[in-house]
Amino acid sequence: MASANNALRVFFILTVVCAARAAPAPGGGAKATGGAGESFDITKLGAKSDGKTDSTKALQDAWTSACRATGSATVLIPKGDYLVGPLNFSGPCKAAITIQLDGTLLGSNDLAKYKSSWIEVSHVENIVISGAGTLDGQGTTVYPKGKTPMDYKALPNTLVLFYVTNATVSGIRLLNAKFFHINIDTSKDITVKDVSITAPADVENTDGVHVGASSKVTISNATIGTGDDCVSIGPGTSGVTVTGIKCGPGQGISVGCLGRYKDEKDVTDVTVKDCVLKGTTNGVRIKSYEDAESVLTASHLTFENIRMEDVANPIIIDQYYCPDKVCPGKRSNASHVSVKDVTFRNITGTSSTPEAISLLCSDAQPCSGVQLVDVNVEYAGKNNKTMAVCSNAKGTAKGSLEALACLV
């Protein structure tokens, strides 16, 4: 689970659309000489690969030099372990930048250092973050037993793209974020591919990739297992394609939460396809708050060619979402979020719960244009039968398991 001012960015944190504060232009560091194809090796700027020495300044200085370069530039992070605190990779920059991550960055666990996120790329065009290295948030060490990230205020996300245009994140591994692993916020033309994201299954709000207030985003060929959504798509988002994801453990792939705060924008044109979900607590899900503060629409959403393997609640639309159990408008049928033109096509496999489909739409805003096409997910247990639960869900079913055809 937007404007550029700081107050609205706090809004993103509270709605589980995450924290992202615009950073001032970086200062200091080695001067760039201005030639094309320059490389700035952090070890030549003072970084130590012992995993203990604070290498924040060296990496920040490398960014500053690369951003000032008049030609394309590379920030090189060689093999080794580097301890770093918060990093603000701010633009605008003069030319395209590549961050070549071959080593491992270890996120400092001194929480007092963080104002928002760990690594924030903001107001930058044309950037590539790639390599075989790792961003290790070291989040497992900051939670006392029995706690989750929601018990803390503004824990840092691992990697934030804020007001970024034309970016690619590829090949890298993200491990144990303190909050979200990747947050794409108010950005466009973004590609995330061939990444691996891992966090403990019992730590919530460690979403793999979250997208909010952004457009033209592709997330592909990723392996994601966390304690929350593998991919979550928030308000104000359009033109998102999620494909080739191996998801699990986690809470599945979600559109939402929607409607938690005022002035949220519509979600439209989202496609999730060719994915495998294994052992997740939800499958594909659309969720909006039952006491929604915003009037918005989620439409033209397609989920297709998805394999469920022992997944609880494989297909969900929930207009009564209330995670904190304190929603004053509970079952008031006053939902302000409209869900329409949703297609579930070629969804197959097994459910660990009898309810393979749950479409809970409100009286005030019935779901419309819902299509169940070749949906064949069966309960894997033997003590009950496969079933669907639908309320105020209007649409058509074709080629689907008879027990799942509950639309009106």
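Given C-alpha coordinates of the chain, what is the ratio Rg to Rh with the Kirkwood estimate of Rh? Walk me through the numbers on the way to the answer.
Values: Rg = 21.6 Å, Rh = 21.6 Å.
Rg/Rh for the chain comes to 1.00.
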PHE40 long-range amide H proximity, modeled H, under 5 Å: THR74, VAL75, LEU76
query: Can you pull the percent of the chain's accessible area that's carbon plus sulfur, 1.4 Å probe, other chains left in place?
result: 48
Separation of alpha-carbon centers, the stretch 338-408 and the stretch 232-290, rounded to whole Å: 17
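What whole-number value in Å² describes the accessible area per residue of the stretch 269-408 for a 1.4 Å probe?
On the way: 6080 Å² over 140 residues.
For the stretch 269-408, the solvent-accessible area averages 43 Å² per residue.
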statement: Taking placed amide H atoms and a strict 5 Å upper bound, the residues 5 or more places from LEU359 or on another chain that come that close are ILE317, VAL389, CYS390, SER391
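The values are calculated or read from the model by the stated rules, or taken from the named source; none is laboratory data. These numbers come from a predicted model, not from an experiment. Accessible surface areas use protein heavy atoms only, side chains included; no ligands, DNA or RNA. Shrake-Rupley method; radii C 1.70, N 1.55, O 1.52, S 1.80 Å.
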